[in-house]
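K.L.:
My structure is below; once you've seen it, I'll send some questions.
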Amino acid sequence: MSSSQTPDGIALDTGVGTNGTTHATTDGGPDVANALRVLLSRTHDVEAALARRLGLGVSDVIALQHLVDGAALGPVDLAHLLRMRSASATALVDRLQSAGHVRRVRHPTDGRRVVLALTDSARAEAGAALAPMLGALGAVIADFTPDEQRSIARFLHRATEAMTAFAADPPAPDVG
């Protein structure tokens, strides 16, 4: 288990010991921030593993993640979310459509726009590929009491809100 410190003395390590235990802070409490950092870093590993299992690129998997919630996103919207040029996003969507993962449909309220929809087969393939991990996470969740699960869910929702706010494009500088 490796560990280092920032100049201000904050420990930077994996947060998890070799036996799966979480490190404690200097006051004896769990090091939640480090455990969260490690969890977030594993997200990239999961994206890469899912891409390999589905025979897709990581950018393709990230695009599918943006479409999972059913938001009315078109190719240009996807380009903005993925921080790529429109032509690249169009090529990505073409690949996903050829693979049977997305289809282009008319926007529900603006028939002039085209939006992307995940296919049922894409949901089924991704679900099957993720099933081992989701089963393991289900077992982890089952180890906690309902009250602990509520606390964990509350933390995750608040952490998600904080991360969403951080990831949002910053406002344009005030020129004046």
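K.L.:
Test of understanding: among 95, 123, 104, 154, which residue is more than 23 Å from residue 64 (Cα to Cα) and either more than 22 Å from the chain's Cα centre (by Cα) or in a helix (DSSP H, G or I) (or both)?
P.N.:
Checking each option against the conditions leaves just 154.
Per-residue answers, yes or no, for (1) outside any strand (DSSP E or B); (2) among the hydrophobic types (A, V, I, L, M, F, W, C); (3) modelled with pLDDT of 90 or more; (4) touching a helix residue (DSSP H, G or I) at 6+ places or on another chain (Cβ under 6 Å):
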position	(1), (2), (3), (4)
1	yes, yes, no, no
9	yes, no, no, no
37	yes, no, yes, no
41	yes, no, yes, no
45	yes, no, yes, no
50	yes, yes, yes, yes
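K.L.:
Can I ask one more? Can you go through 117, 159, 126 and tell me which one is touching a residue at least 12 places away in the same chain (Cβ under 8 Å) and touching a strand residue (DSSP E or B) at 6+ places or on another chain (Cβ under 7 Å)?
P.N.:
117
K.L.:
Which of the residues spanning segment 126-160 are of a type in the set (Ser, Thr, Tyr) and under 30 Å from residue 55 (Cα atoms)?
P.N.:
160
K.L.:
Separate question: Between 102, 68, which is out of contact with any Phe, Trp or Tyr (no Cβ under 7 Å at 6 or more places or on another chain), under 12 Å from residue 122 (Cα atoms) and surrounded by fewer than 16 Cβ atoms within 10 Å (Cβ to Cβ)?
P.N.:
Every option except 68 fails the conditions.
So that you can scan it fast, the table gives a plain yes or no per residue for (1) at pLDDT below 95; (2) assigned to a helix (DSSP H, G or I); (3) surrounded by fewer than 11 Cβ atoms within 10 Å (Cβ to Cβ):
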site	(1), (2), (3)
87	yes, yes, yes
108	yes, no, yes
115	yes, no, no
129	no, yes, no
133	no, yes, no
138	no, yes, yes
141	no, yes, no
158	no, yes, yes
170	yes, no, yes
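K.L.:
While we're on this one: Among what's in segment 117-127 and is small (Gly, Ala, Ser) and touching a Gly at 6+ places or on another chain (Cβ under 9 Å), pick the residue that is surrounded by the most Cβ atoms within 10 Å (Cβ to Cβ).
P.N.:
122
The values are calculated or read from the model by the stated rules, or taken from the named source; none is laboratory data. All values derive from a computational prediction rather than experimental measurement. Cβ atoms come from the backbone with ideal geometry, glycine included; neighbour counts cover every protein chain shown.
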